[in-house]
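Enquirer: Provided herewith is a single structure, encoded as structure tokens, for subsequent inquiry.
The values are calculated or read from the model by the stated rules, or taken from the named source; none is laboratory data. Remember, it's a predicted structure, so these values are computed and weren't measured experimentally. Positions of Cβ are generated from backbone atoms using ideal geometry, with glycine treated the same way; all protein chains shown enter the neighbour counts. All accessible areas refer to the heavy atoms of the entire protein, side chains included, with ligands and DNA or RNA removed. Shrake-Rupley method; radii C 1.70, N 1.55, O 1.52, S 1.80 Å.
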Amino acid sequence: MSSQSYKRDMKQRHIMLLSFGGVIGTGLFLSSGYTLQQAGPLGTMLSYIVGAVLVYLVMLCLGQLAIEHPVTGGFHVYASKYIHPSIGYIVAWFYWLTWTVALGSEFTAVGILMQKWLPDAPVYIFSSIAIILVLVFNIISTKFYAEVEFYFSLVKVLAIIVFIVLGALTLFGLIHYSGYNGLETIKSRYTNPSFPNGLGAVFLTMLAVNYAFSGTELIGIAAGETKNPKEVIPKAINATLWRLIIFFIGTMVVISILIPSYQGKSLESPFVVIFQNMGIPYAGDIMNLVIITALLSAANSGLYAASRMVWSLSNEGMFPNYFKKLNKHHMPIRATIFSMCGGLLALFSSVYAADSLYIVLVSIAGLAVVIVWMSICLSYFNAKRLNKHMKIHQSVPIIGFILCLISCVGMVFDSNQFPALYFGIPFAIIAIIFYFVKYHKKDGQTIETSK
């Protein structure tokens, strides 16, 4: 079987829900309460609006690049072609590490959440079941993977739609909610105080918000397995972005008004709190099931993204050829198993080395999304100079790049995120050195993106 031949079995609905699967996870269902606590209701809304603008600018650039070069591997290939192969190499490994670290966290969380119903069963049993399921989903066929992810993501989307609709009915006074008194409550939430920890907390919260929006770039990775990518990809990006912005902003409006900021705790889901206050029976059990589905969906998307990065690196001659082999169903089994092994390393380190190795992995992964987005903006900026027919104005990647850079600068002032720079920069330097020693093409070849 040719290692260059992926089946183009994904449709627009698959691409959209694949992106939802990567974006809508525990960050929205769980940690949104922590964001509210740090920035306050008004600050949280400002952070999410700026984050939505940034992700929209980045995805506009990615859409144009995907139309020009609909390949598996997406933005890493674009960075190799339009910036430098060494940058593409760094971007690929940063992004691979992001998802493999996420895999470890998600498998552990599935096991912990399942103990709500089966408290005497060991966590590792449920984690192992989740690992096997996600691996099976990713090795049968592209079409099977896409269908599974479609329905996983659909559960999350429906849960958010129900949440927003019930929240809107509550805000209009059609559903009784303890402590809510209409406009008086809304005014109090947004002005008393507007910024409980100062305006600087809003700036720092933007970093977490940017990370919450990460995953939309999965659309670019899947371009090489999509039917009619030049038509489907731009439509999917536009549709996905508007829906995500509505989901995120709508959710945060409901949460910011119905939950006082002091209640926003990182280990407590705002969804559960609000559903319970509405009097919805079994709210805790329902949201536990939704969050488990969200974890499996995010792991499913994560293993897909990580395996395609490994395959693409191998296909471009920057990783051993062994990993570009596809099986008879056109699936990169070797790259998938390699990526799952990375996820298992993260899983073990999250249990046995949480204060040493795992914190290093998490810190590097935290920086990766911003680097990926910056590479997308710079790739498009350079591509636009070479291809004047590309539609998006040159100012779009400039603004997107600057906003990403501000996020990187902000990490210096946040003690929780500073390790991302402390470990991430040496990681990038080592990757560059390794690339030039091992894979640099001295004859000046460029990466071919027409496959």
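Enquirer: Step by step: first the residues of the stretch 199-208, then only those that are among the small types (Gly, Ala, Ser) and open to solvent by 30 Å² or more (accessible area, probe 1.4 Å), then the one that is modelled with the highest pLDDT. Which residue is that? Explain how you work it out, then say what you get.
Expert: From the stretch 199-208, those among the small types (Gly, Ala, Ser) are 200-201, 208; that's our starting set.
Subset that is open to solvent by 30 Å² or more (accessible area, probe 1.4 Å): 200, 208.
Numbers: Gly200: 77, Ala208: 73.
Checked the stretch 199-208; the qualifying residue modelled with the highest pLDDT is Gly200.
Residue by residue, here is whether (1) among the aromatic types (Phe, Trp, Tyr); (2) under 19 Å from Pro41 (Cα atoms) holds:
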site	(1), (2)
Leu169	no, no
Gly173	no, no
Glu184	no, yes
Thr191	no, yes
Met206	no, yes
Val209	no, yes
Ile233	no, no
Trp242	yes, no
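Enquirer: Let me ask something else. Checking His84 against (1) at pLDDT 90 or above; (2) open to solvent by less than 50 Å² (accessible area, probe 1.4 Å); (3) more than 22 Å from the chain's Cα centre (by Cα), only one condition comes out false. Which one?
Expert: (2)
Enquirer: Looking at the stretch 24-51 only, could you name the residues that are open to solvent by less than 10 Å² (accessible area, probe 1.4 Å), part of a helix (DSSP H, G or I) and at pLDDT 75 or above?
Expert: Scanning the stretch 24-51 gives Leu36, Ala39, Gly40, Pro41, Gly43, Thr44, Ser47, Tyr48, Gly51.
Enquirer: Can you find, within the stretch 338-357, the residue that is most open to solvent (accessible area, probe 1.4 Å) among those that are without any contact (Cβ under 8 Å) to a residue 12 or more places away in the chain and not in a loop (DSSP other than H, G, I, E, B)?
Expert: Kept after step one, since they are without any contact (Cβ under 8 Å) to a residue 12 or more places away in the chain, are these residues of the stretch 338-357: 341, 352-357.
Restricting the remaining residues to those that are not in a loop (DSSP other than H, G, I, E, B) gives 341, 352, 357.
Numbers: Cys341: 77, Tyr352: 185, Leu357: 76 Å².
Here the answer is Tyr352.
Enquirer: Does Leu218 satisfy being open to solvent by less than 10 Å² (accessible area, probe 1.4 Å) and under 20 Å from Leu28 (Cα atoms)? Give the steps one after another, and end with the answer.
Expert: Values: open to solvent by less than 10 Å² (accessible area, probe 1.4 Å): yes; under 20 Å from Leu28 (Cα atoms): yes.
In short, yes.
Enquirer: Any residue that is in a helix (DSSP H, G or I), more than 22 Å from the chain's Cα centre (by Cα) and surrounded by fewer than 24 Cβ atoms within 10 Å (Cβ to Cβ) - is there at least one of those in the stretch 234-250? Break it down into steps so the answer makes sense when it comes.
Expert: Filtering the stretch 234-250 down to residues in a helix (DSSP H, G or I) leaves 234-250.
Restricting the remaining residues to those that are more than 22 Å from the chain's Cα centre (by Cα) gives none.
So far as the stretch 234-250 goes, no, none of its residues is in a helix (DSSP H, G or I), more than 22 Å from the chain's Cα centre (by Cα) and surrounded by fewer than 24 Cβ atoms within 10 Å (Cβ to Cβ).
Enquirer: Which condition from (1) within 25 Å of Met206 (Cβ to Cβ); (2) open to solvent by 60 Å² or more (accessible area, probe 1.4 Å); (3) of a type in the set (A, V, I, L, M); (4) under 21 Å from the mean Cα position of the chain (by Cα) is the one that Ile364 breaks?
Expert: The number of the failed condition is (2).
Enquirer: Residue check, Ile175 against (1) within 21 Å of Val290 (Cα to Cα); (2) open to solvent by less than 50 Å² (accessible area, probe 1.4 Å), all met but one. Which one?
Expert: That leaves (1) as the condition not met.
Enquirer: Continuing with this model, one more query. Do we have Ser127 as in contact with a His (Cβ under 6 Å, 6 or more places away or on another chain) and hydroxyl-bearing (Ser, Thr, Tyr) here? Don't jump to the end; show me each part of the working.
Expert: On the way: in contact with a His (Cβ under 6 Å, 6 or more places away or on another chain): no; hydroxyl-bearing (Ser, Thr, Tyr): yes.
No.
Enquirer: Give me the pairs: first residue in the stretch 390-412 and without any contact (Cβ under 8 Å) to a residue 60 or more places away in the chain, second residue open to solvent by 40 Å² or more (accessible area, probe 1.4 Å) and assigned to a helix (DSSP H, G or I), beta-carbon distance under 7 Å, and six or more apart or on different chains, which are they?
Expert: Gln394/Phe381; Ile398/Phe381; Phe401/Leu378; Val412/Phe418
Enquirer: Which pairs have Cβ atoms under 6 Å, sit 6 or more apart or on different chains, and link a residue in the stretch 364-385 that is aromatic (Phe, Trp, Tyr) to one that is modelled with pLDDT of 95 or more?
Expert: Tyr380/Pro397; Phe381/Pro397
Enquirer: Also: Within the stretch 78-114, which residues are within 12 Å of Ile371 (Cβ to Cβ) and of a type in the set (A, V, I, L, M, F, W, C)?
Expert: Ala79, Ile83, Ile87, Ile90, Val91, Ala92, Trp93, Phe94, Leu97, listed by residue number.
Enquirer: How many residues are farther than 13 Å from Ile131 by Cα and among the hydrophobic types (A, V, I, L, M, F, W, C) when one looks only at the stretch 330-347? Spell out how you get there, then give the answer.
Expert: Quick first cut of the stretch 330-347, residues farther than 13 Å from Ile131 by Cα only: 330-335, 338.
Okay, now just the ones that are also among the hydrophobic types (A, V, I, L, M, F, W, C), so 331, 333, 335, 338.
Going through the stretch 330-347 one residue at a time, the tally reaches 4.
Enquirer: Would you mind stating whether Val136 is crowded, with 24+ Cβ neighbours inside 10 Å and at negative phi?
Expert: No; evaluated as a whole, the condition is false for this residue.
Enquirer: Please pick out the residue among Lys227, Lys187 that is touching a residue at least 60 places away in the same chain (Cβ under 8 Å) and open to solvent by 50 Å² or more (accessible area, probe 1.4 Å). First the steps, then the outcome.
Expert: Working: Lys187 fails: touching a residue at least 60 places away in the same chain (Cβ under 8 Å).
From the options Lys227, Lys187, the qualifying one is Lys227.
Enquirer: Here's a follow-up. I'd like to know if the stretch 303-323 contains one or more residues that are polar (S, T, N, Q), open to solvent by 30 Å² or more (accessible area, probe 1.4 Å) and under 23 Å from His76 (Cα atoms).
Expert: Yes, some residue in the stretch 303-323 is polar (S, T, N, Q), open to solvent by 30 Å² or more (accessible area, probe 1.4 Å) and under 23 Å from His76 (Cα atoms).
Enquirer: Kindly establish whether Lys230 is assigned to a helix (DSSP H, G or I) and of a type outside the set (S, T, N, Q). Can you show your working first?
Expert: Values: assigned to a helix (DSSP H, G or I): yes; of a type outside the set (S, T, N, Q): yes.
For Lys230, the condition - assigned to a helix (DSSP H, G or I) and of a type outside the set (S, T, N, Q) - is met.
Enquirer: Continuing with this model, one more query. Give me the residue from the stretch 380-397 that is assigned to a helix (DSSP H, G or I) and open to solvent by 80 Å² or more (accessible area, probe 1.4 Å) and, out of that set, farthest from Leu207 (Cα to Cα). Spell out how you get there, then give the answer.
Expert: Of the stretch 380-397, the ones assigned to a helix (DSSP H, G or I) are 380-386, 395-397.
Add one more test, that the residue is open to solvent by 80 Å² or more (accessible area, probe 1.4 Å), and what stays is 385-386.
Numbers: Arg385: 30, Leu386: 32 Å.
Selected residue: Leu386.
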